[in-house]
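The structure under discussion appears below in the form of structure tokens.
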Amino acid sequence: MLGIIASVMDGVLIGSVYGLAAMGLTLIWGVMNVVNLTHGAAIVAGMFALYLLTSAVGVPPYATLPIILVGSFLVGVVLYWIAVHRLIGRPHLMILLSTFSVNLVVIGLGTAVWGTGLFNVPVSLPGVTWHRYTFSGTHIVAAVLTALIAGSLYLFLYHTRVGKAVRAVANNREAAELSGIPTTRVLSLSFGLGVALAGVAGTLIATMFPFTVLAGDAYQLKSFVVTALGGLGNPAGARAGGVALGLIEGLATQFMPVSWTLVIEFVLFVAVLIIFPRGVFAFRRT
Amino acid sequence: MRTDKIAGVGRAPIFRRPFFWIIALVIVAFVAAPLVGNDVELRESLLLAAVYITLASNLNIMLGFAGYVNFGSIVFFGLGGYICVYLISAQGWPLAAAELAAGVVVSLLALVIGLGILRLRGAFFALATIGINEGVQAFVSNFEPWGGAAGLYLPTTIFAPLGGPMRALWIIYFLLVAVMGASLYLSFAIKISKFGLGLMAIGQNEDAAVVLGVPAPLYKAIAYSLSAFLPSIAGGLYFFKSAFIQPSDAFDLGLSTEAMVVVMLGGRGTITGAAIGAYLYEELRGWLLTSQTFSNFQLVVSGVLLLIIVLFVPGGLIGWIYSRWPWTKAILE
């Protein structure tokens with residue numbers, strides 16, 4: 001029993017990082033109705049940025065976070081102008097295909113440079129012991145940092161002028177444009193923010209687990225499950241959805257091999273979308 | 001508006017249309033070209049082209065006609081391959097029965113899955129198809145009767161009933177060309193039918209189509225299931241030929257992607273486009289694989305190509321030909 005509780009608690013810690021990644025996805029969806037299929041690539045980019053900065057440049061692992069946050073934000077803004085801007089207002093199929101193709105380019109380059117082998121960034125942190133179980137220090141730090149970043153996103157969205165503009169564009173782009181908000185700039189900013197959140201989440205995941213160039217697809221699927229649970233376009237729901245997914249994973253690994261989690265997550269994803277199309281944790285959007 | 005006034009629908013029986021004979025000519029060319037001079041190298045290259053054309057024209061039923069992105073079209077190909085190889089190796093079925101079983105089982109599975117996930121609209125459906133690919137691959141990797149991650153092998157004696165390996169390779173090639181031809185005719189028949197018109201209405205505006213009486217969920221599920229049948233048979237033949245199947249080959253995301261690049265390159269929603277796109281892409285791919293600089297960057301090239309098409313030539317090659325020579329619209333479907 002204690003083992004199950006420990007596993008679930010660890011799942012919640014990890015799940016909060018999934019929630020952070022999903023917030024990036026859901027922010028982009030909420031603001032511009034775009035499903036960002038570069039999401040997995042952004043997560044992997046965050047992982048390899050950590051690997052490069054720690055091994056080649058020698059930056060301490062957690063000091064890479066601000067660098068990666070800013071870097072992936074800028075990449076996201078550039079991506080918006082390359083792959084999304086021209087297609088806003090066209091059938092959604094086109095944006096799906098264009099972000100998918102950017103994903104291919106990133107994964108293709110990554111595979112060509114690093115191959116598909118396993119990478120690991122050693123982060124030495126003391127764990128916290130509870131009865132016979134030890135919670136890894138990296139999991140706890142990741143959950144705390146995730147809470148901080150999510151908190152700052154909340155402050156940004158609800159207590160700054162720019163954040164207000166982002167919410168206005170999410171509610172009604174035409175009305176926002178008529179009120180004098182530079183909507184195109186807000187869209188590119190939101191896309192950048194979404195990619196930055198994915199990148200940082202990738203970095204935090206890489207401090208906890210080994211990773212490969214192809215890991216993005218699995219984490220992207222997790223983000224989709226989380227957004228489906230939390231309701232698409234709902235950052236607060238994403239956080240709750242992330243914790244819920246972590247909880248489910250923690251429970252599931254107690255009863256079946258880890259390799260089955262993807263199957264379970266996918267079934268969950270479709271089931272949730274069909275039964276609760278607005279999300280299980282769909283709080284009223286303000 | 002009466003349906004027979006709409007371009008392409010209900011105008012003439014299928015064999016009176018020029019495109020019917022164009023498809024027949026393509027099939028004859030595929031059969032005759034390698035036979036002349038017994039050219040095995042050409043046969044192998046055309047075999048790949050036939051697989052691409054099969055995958056692309058069936059993907060086109062969803063992507064081109066109904067406007068639904070199916071990122072997991074390769075699932076049909078891989079599952080077909082697995083069922084066929086499993087039935088032959090473990091149950092000792094003959095090739096023809098195993099192929100038919102693979103096609104029927106995968107289509108039924110697609111119908112069931114389709115009735116479920118096709119209740120999801122637009123982008124949600126696309127996300128679910130990514131999940132299907134991941135989920136099925138994870139399932140097969142853990143499924144012991146199918147060899148798990150290690151896969152299944154066929155013994156070398158497997159070609160004996162077909163008259164030895166040399167003859168078997170020719171037979172498999174002709175069968176794949178037949179599957180390709182059937183795919184083209186299937187797309188053509190759908191395109192000129194009322195069913196196809198319904199699909200295209202869904203692709204244009206699903207809400208309006210539903211209001212006008214198109215049973216959208218049912219049509220989409222049928223289209224999804226139909227588009228599963230021939231790829232699963234092609235998968236069965238393909239993996240029978242290589243006598244080996246493993247999850248990473250069978251559910252190769254790259255092939256799913258290539259099928260999409262092919263459809264967009266040729267022109268979404270057109271049968272000629274899917275076929276020409278597949279042939280051109282196969283040639284390009286052959287060149288990329290042999291080139292020193294690009295052999296490691298195949299995915300990158302696919303990605304860049306797809307991005308350029310989506311951004312700048314959304315109509316693809318056929319879209320360009322249509323706008324340049326409008327009379328071709330009457331002949332090339």
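The values are calculated or read from the model by the stated rules, or taken from the named source; none is laboratory data. It should be emphasised that the depicted structure is a prediction, and the values quoted were computed from it without experimental measurement. Because the Cβ atoms are built from the backbone with ideal geometry, glycine has one as well, and the counts that use them run over all protein chains shown.
Observations on the structure shown:
- Single residue of segment A:57-96 satisfying the filter (farther than 15 Å from A:V186 by Cα and of a type in the set (S, T, Y)) that is farthest from the other protein chains (Cβ to nearest Cβ): A:Y62
- Residues satisfying the stated conditions in segment B:276-315, i.e. at pLDDT 85 or above, under 19 Å from the mean Cα position of the chain (by Cα) and either more than 20 Å from B:Y52 (Cα to Cα) or away from chain A (no Cβ under 12 Å) (or both): B:I276, B:G277, B:A278, B:Y279, B:L280, B:Y281
- Test: residue in segment B:163-179 that is buried (at least 21 other Cβ atoms within 10 Å of the Cβ) and farther than 15 Å from B:A96 by Cα: yes
- Summed over segment B:93-121, the residues that are in a helix (DSSP H, G or I) and more than 10 Å from every other protein chain (Cβ to nearest Cβ) give a count of 20.
- Residues of segment A:1-24 that turn out to be under 23 Å from A:G110 (Cα atoms) and in contact with a Phe, Trp or Tyr (Cβ under 7 Å, 6 or more places away or on another chain), as a count: 1
- Among the residues examined, B:I321 qualifies as closer than 30 Å to B:A12 by Cβ, in a helix (DSSP H, G or I) and of a type in the set (A, V, I, L, M, F, W, C).
- Only a single criterion out of (1) more than 10 Å from chain A (Cβ to nearest Cβ); (2) surrounded by 20 or more Cβ atoms within 10 Å (Cβ to Cβ) is not satisfied by B:A182, namely (2).
- Index of the failed condition, A:T253 passing every other in (1) at pLDDT 90 or above; (2) within 26 Å of A:I140 (Cβ to Cβ): (1)
- Criterion: within 14 Å of chain B (Cβ to nearest Cβ), crowded, with 24+ Cβ neighbours inside 10 Å and at pLDDT 90 or above - qualifying residue of A:L229, A:L245, A:L204, A:L273: A:L245
- With respect to being aromatic (F, W, Y), over 19 Å from B:I53 (Cα atoms) and touching a residue at least 12 places away in the same chain (Cβ under 8 Å), B:F244 fits the description.
- So A:V75, is it in a helix (DSSP H, G or I), closer than 13 Å to A:G202 by Cβ and in contact (Cβ under 8 Å) with a residue 12 or more places away in the chain: yes
- Neighbours by Cβ (under 7 Å, 6+ apart or cross-chain): first from segment B:122-144, touching a residue at least 40 places away in the same chain (Cβ under 8 Å) and within 7 Å of chain A (Cβ to nearest Cβ); second hydroxyl-bearing (S, T, Y) and surrounded by fewer than 22 Cβ atoms within 10 Å (Cβ to Cβ): B:S141/A:S259
- Test: residue in segment A:170-180 that is more than 14 Å from chain B (Cβ to nearest Cβ), of a type in the set (G, A, S), in contact with a Leu (Cβ under 9 Å, 6 or more places away or on another chain) and surrounded by fewer than 23 Cβ atoms within 10 Å (Cβ to Cβ): yes
- For A:G24, the conditions (1) away from chain B (no Cβ under 14 Å); (2) surrounded by 24 or more Cβ atoms within 10 Å (Cβ to Cβ); (3) touching a Pro at 6+ places or on another chain (Cβ under 7 Å) all hold with the exception of (3).
- Residue that is surrounded by the most Cβ atoms within 10 Å (Cβ to Cβ) [pool: residues in segment A:28-72 that are in a loop (DSSP other than H, G, I, E, B) and in contact with a helix residue (DSSP H, G or I) (Cβ under 6 Å, 6 or more places away or on another chain)]: A:N36
- Which numbered condition B:V214 fails, given (1) in a helix (DSSP H, G or I); (2) touching a helix residue (DSSP H, G or I) at 6+ places or on another chain (Cβ under 7 Å): (1)
- If the condition is being closer than 23 Å to A:L65 by Cβ, assigned to a helix (DSSP H, G or I) and not aromatic (F, W, Y), then segment A:207-226 contributes A:T207, A:M208, A:A215, A:G216, A:A218, A:Q220, A:K222, A:S223, A:V226.
- The selection criterion, being at negative phi and modelled with pLDDT under 85, does not hold for B:S323.
- If you go through segment B:281-314 and keep only what is among the small types (G, A, S) and surrounded by fewer than 19 Cβ atoms within 10 Å (Cβ to Cβ), you end up with B:G286, B:S291, B:S295.
Matching residues to (1) at pLDDT 90 or above; (2) under 28 Å from B:G303 (Cα atoms); (3) not small (G, A, S):
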| site | (1), (2), (3) |
| --- | --- |
| B:A50 | yes, yes, no |
| B:L55 | yes, yes, yes |
| B:G72 | no, yes, no |
| B:A98 | yes, no, no |
| B:G103 | yes, no, no |
| B:I117 | no, yes, yes |
| B:L127 | no, yes, yes |
| B:E134 | no, yes, yes |
| B:N142 | no, no, yes |
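- Flag for B:A223 being assigned to a helix (DSSP H, G or I) and surrounded by fewer than 24 Cβ atoms within 10 Å (Cβ to Cβ): no
- On inspection, A:S179 does not qualify as within 18 Å of A:A238 (Cβ to Cβ) and modelled with pLDDT of 90 or more.
- Residue within segment B:213-225 that is away from chain A (no Cβ under 14 Å) and closer than 25 Å to B:I22 by Cα present: yes
- When segment B:286-333 is filtered for residues that are in contact with a Phe, Trp or Tyr (Cβ under 9 Å, 6 or more places away or on another chain), under 23 Å from B:S187 (Cβ atoms) and free of Cβ contacts under 8 Å to residues at least 40 places away in the same chain, the ones remaining, listed by number, are B:V313, B:T328.
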